[in-house]
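In what follows, a structure is listed as structure tokens, so that the remarks can point back to it.
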Amino acid sequence: MERHQNPSANIPKWSALLIEAVNKPGLIMKAYSAFHSYSLGNQLLAIVQCQMRGIQPGPINTFPKWKELGRYVKRGERALTLCMPITRKRRDENPHEESNGEGTFTSFVYKARWFVVDQTEGQDRPPRVIPDWDADRALPALDVTMVPFDSADGNCQGFAKKRQIAINPVAQLPHKTLFHELAHVVIGHTLEADFADTEKTPRSLREVEAEAVAMLCCEALNLEGADYCRGYIQNWLYRGTGFDADAIPEKSAQKILRTADQIIRAGRPTMAPEASER
Ligand SMILES: [Zn+2]
């Protein structure tokens, strides 16, 4: 798997994690069911580390948080690395920082400070329930309106215009189409053009982005459609000369993971305190 430039970090790039999810059906579902309170990118980061080290995936917390919960990290266990946002006052120009317009900046750093329940011992933990996802909650939270489907094109599965989407009432994979159209809006594609999606998704980077978001959402939430998306993305990656894992740019991978995360979070009930960490 391709790593970040910094050799000491040994952390896979987001595009490499995404390709891993494309090529290993079931990986996202496993990651989501174990780590659903974390961002999708961190879920993939955590599951890949668990697999490399033979750790059983499960709830994760920092050392002090486990202590608070009556559990202790076992002797000799190494912490998992996750990516966390750090907000601080502006100091100097740094191209890796995102401005929020208030004189503060968010930068992302990798820290090794999380342990999976399997790496700890102590008091039993109550079983956790995976929160359900509801489109009626997600749409208003994302500021997206569902409008009646009025396309005369029988092949059209759905469309996205500005902040409106429509899904063909007889769409073959309605959830997949819903996530795909939502992705076009949330990523910002609809600021540039309208999208009418037929059964055959055209080959373009924007379509790969929307389809990858749909794959992540369908598989995490165990809804039909992930296989179809996976096929499209694999086909995109396998062009003429062979498999090209670099065909999805790192920037697109970040957008895809962030958007899928936003859509999933928007459709869940307001979090219980335990699940509010990233
Ligand atoms: Zn599309």
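The values are calculated or read from the model by the stated rules, or taken from the named source; none is laboratory data. It should be emphasised that the depicted structure is a prediction, and the values quoted were computed from it without experimental measurement. Neighbour counts are summed over all protein chains in view; Cβ atoms, including those assigned to glycine, are modelled from backbone coordinates with ideal geometry.
Restricting attention to the stretch 149-160 and to residues that are touching a strand residue (DSSP E or B) at 6+ places or on another chain (Cβ under 8 Å) and away from the ligand (no atom under 12 Å from the Cβ), the residue that is nearest to E199 (Cα to Cα) turns out to be N155. Anything in the stretch 116-127 that is touching a residue at least 24 places away in the same chain (Cβ under 8 Å) and either surrounded by fewer than 16 Cβ atoms within 10 Å (Cβ to Cβ) or more than 21 Å from the chain's Cα centre (by Cα) (or both)? List them, or say none. Correct list: V117, D118, Q119, T120, E121, G122, Q123, R125. Scanning the stretch 129-148 for residues being at pLDDT below 95 and surrounded by 16 or more Cβ atoms within 10 Å (Cβ to Cβ) gives a total of 1.
When R128, R113 are checked against the criterion of being assigned to a loop (DSSP other than H, G, I, E, B), of a type in the set (K, R) and either closer than 30 Å to I55 by Cβ or within 13 Å of the ligand (Cβ to nearest atom) (or both), R128 stands alone in meeting it. Applying the condition of being touching a helix residue (DSSP H, G or I) at 6+ places or on another chain (Cβ under 9 Å) and either of a type in the set (V, I, T) or under 16 Å from G158 (Cα atoms) (or both) to the stretch 195-204 and asking which residue is modelled with the lowest pLDDT yields T201. All conditions in (1) part of a strand (DSSP E or B); (2) in contact with a Ser or Thr (Cβ under 8 Å, 6 or more places away or on another chain) hold for E121, with the sole exception of (2).
Against the definition (surrounded by 22 or more Cβ atoms within 10 Å (Cβ to Cβ), closer than 30 Å to D244 by Cβ and not basic (K, R)), how does H189 come out, yes or no? It is false that H189 is surrounded by 22 or more Cβ atoms within 10 Å (Cβ to Cβ), closer than 30 Å to D244 by Cβ and not basic (K, R). Considered as a group, the residues in the stretch 239-274 that are of a type in the set (S, T, Y) and in a helix (DSSP H, G or I) include one that is modelled with the lowest pLDDT, and that residue is S252.
Taking the criterion of being within 13 Å of the ligand (Cβ to nearest atom), surrounded by 23 or more Cβ atoms within 10 Å (Cβ to Cβ) and of a type in the set (G, A, S), would at least one residue in the stretch 241-260 satisfy it? No; the residues of the stretch 241-260 include none that is within 13 Å of the ligand (Cβ to nearest atom), surrounded by 23 or more Cβ atoms within 10 Å (Cβ to Cβ) and of a type in the set (G, A, S).
Applying a threshold of 9 Å to beta carbon distances and a minimum spacing of six or more residues, or different chains, the list of pairs starting in the stretch 12-31 at a residue that is at positive phi and ending at one that is aromatic (F, W, Y) and buried (at least 17 other Cβ atoms within 10 Å of the Cβ) is empty. In the stretch 172-184 there is at least one residue that is small (G, A, S) and within 9 Å of the ligand (Cβ to nearest atom). Checking each residue in the stretch 191-226 for being in contact with an Asp or Glu (Cβ under 9 Å, 6 or more places away or on another chain) and more than 22 Å from D132 (Cβ to Cβ) picks out F195, A196, D197, T198, T201, R206, E207, A210. The conditions of being closer than 22 Å to H175 by Cα, surrounded by 13 or more Cβ atoms within 10 Å (Cβ to Cβ) and modelled with pLDDT under 95 are met by C156. Being more than 21 Å from K30 (Cα to Cα), buried (at least 19 other Cβ atoms within 10 Å of the Cβ), modelled with pLDDT under 95 and of a type in the set (D, E) is a property that E207 has. Just one of the listed residues (A214, A210, A253) is touching a Lys or Arg at 6+ places or on another chain (Cβ under 9 Å), closer than 22 Å to G158 by Cβ and touching a residue at least 12 places away in the same chain (Cβ under 8 Å), and it is A214.
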